[in-house]
Amino acid sequence: MTEGIERVARLLRAARRPVVFTGAGVSTESGIPDFRSPGGVWDRFDPREMTYQNFVGTEAGRRKYWEIGRHSYPVMRTAQPNPAHLAIAELHRLDRLECCITQNVDNLHQRAGLPEEKVIELHGNATRARCLACGAPYSRDEVQRWLEEEGVDVPACPRCGGIVKPYTILFGEPMPAGAVEEAERRARSADLFIVVGSSLVVYPAAYMPAHARHAGATLVIVNLTPTPYDAHADVVVPGKAGEVMDAVLQRLRSLP
Ligand code: APR
């Protein structure tokens, strides 16, 4: 791993437009389970039940969603940024980060110190919600209070009775067009693209490393397990995101 860390630190020092791309694996050391590791979210819940059509189309679908959400949100809400988030935020402070494109909705990159404008959220953000009918905005904390203190099991808009939904993208839901366009533009203009903690199996997010590679960027993958992109990567660093990214940051700081 040390040879990979040395290479990534030197690549970061030399890069003109470094971009970091993260997935759920960057947050597991904060106590938030990922999706496809053993014991991950899709080991416990059926993703076919967690579709946009199910949520919008049926009360039963929304009930199932909120049964899960009422317990998963407090884990996300109390999670703290881990050394991987902190190292990525420090890259920004060292002027070694164009942006962080993330598939995560846990807001931990922002809480680690990355400015909002440096975080491109492809799958939304779990801290905000809104009414799908009248558009009224609600914080997810407020919705959690309805669930916990008011005995609500399927939140409805207090203003119009409409469906309340967090700003997170469900399977079958259109992706945020602006974020996807911005992420593609940034990936295509990157000269260094570092993937941290993603299985790279969910599209269109998983096209981002391909966009970067096709535009000539050096591709780095930091992940606990192999990904379909490993054969196309210039550097693969198997390991834990927190350990690897902190070691890269320390080495980068010590380079002359
Ligand atoms: N350090 C490094 N890698 C890790 C760590 C860690 N501490 N913990 C887990 N990983 C790796 C796993 O080995 C796995 O390859 O992170 C990857 C996480 O993959 P997924 O669980 O598939 O998460 P992600 O790639 O973000 O999934 C993409 O799928 O279900 C949808 O919307 C969901 O945004 C999510 C998308």
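The values are calculated or read from the model by the stated rules, or taken from the named source; none is laboratory data. The model shown is predicted, which means the values in this text are computed figures rather than measured ones. All Cβ positions, even for glycine, are placed from backbone atoms using ideal geometry, and neighbour counts span all protein chains on display. Remember, those area values only see protein heavy atoms, side chains included, never the ligands or the DNA or RNA. Shrake-Rupley method; radii C 1.70, N 1.55, O 1.52, S 1.80 Å.
Counting only other residues whose beta carbon sits under 10 Å from that of Arg70, what net charge do I get with K and R as +1, D and E as -1? Intermediate results must be reported in sequence, preceding the final value.
Details: positive: none; negative: Glu67, Glu148, Asp153.
Spelling it out: positives minus negatives among the neighbours equals -3.
Taking 4.7 Å between beta carbons as the limit, the unpaired Cys residues of the chain are Cys99, Cys100.
Among beta bridges identified by DSSP and lying wholly in the stretch 84-199, the antiparallel ones come to about 75 percent.
Using Cα-Cα distances under 8 Å and only pairs 6 or more residues apart, what relative contact order does the chain have, in percent? Write down the numbers at each step before the final one.
Numbers: 461 pairs, mean separation 66.8, N = 256.
Once divided by the residue count of the chain, the mean separation gives 26 percent.
Residues with beta-carbon under 11 Å from that of Thr58, excluding Thr58: net charge, scoring Lys, Arg +1 and Asp, Glu -1?
Details: positive: Arg62, Arg63, Lys64; negative: Glu49, Glu59.
It works out to a net charge of +1.
How would you rank 220-226, 242-248, 59-65, highest first, on the average number of other Cβ atoms within 10 Å across their residues? Each step should come with its number before you reach the end.
Details: 220-226: 20.6, 242-248: 22.7, 59-65: 15.9.
Per-residue mean Cβ counts within 10 Å order the peptides as 242-248, 220-226, 59-65.
How high is the FRET efficiency between Met175 and Leu255 when r is their beta carbon distance and R₀ equals 30 Å, given to the nearest 0.05?
Values: r = 37 Å, r/R0 = 1.25.
Given R0 = 30 Å and the Cβ-Cβ separation, E is 0.20.
Seen from Glu150, the other residues with C-beta closer than 13 Å to its C-beta sum to a net charge of -2, counting Lys and Arg as +1 and Asp and Glu as -1. Only protein atoms count toward the accessible area here, which uses a 1.4 Å probe; on the chain, the carbon and sulfur part of that area reaches 52 percent.
Here the sum of -39500 (n - 2.57) over DSSP H runs of 4 or more residues, divided by the residues of the chain, equals -12000 deg cm²/dmol at 222 nm, to the nearest 500. Shown are Tyr73, Tyr203, whose ranking by accessible area with a 1.4 Å probe and every protein chain present, most to least, is Tyr203, Tyr73. Let me know the shape class of the stretch 34-177, please: from the alpha-carbon gyration tensor, a ≥ b ≥ c as square roots of the eigenvalues, rounded when a/c is under 1.5, otherwise prolate if a/b is greater than b/c, or oblate. Judged from the Cα gyration tensor, the stretch 34-177 comes out prolate (a/c at least 1.5, a/b above b/c). Database remark: amide H of Thr127 closer than 5 angstrom to no amide H (H placed geometrically; neighbours at sequence offset of 5 or more, or on other chains; Pro and chain starts carry no H).
Computed with a 1.4 Å probe over protein heavy atoms only, the accessible surface of the stretch 105-256 comes to 44 Å² per residue.
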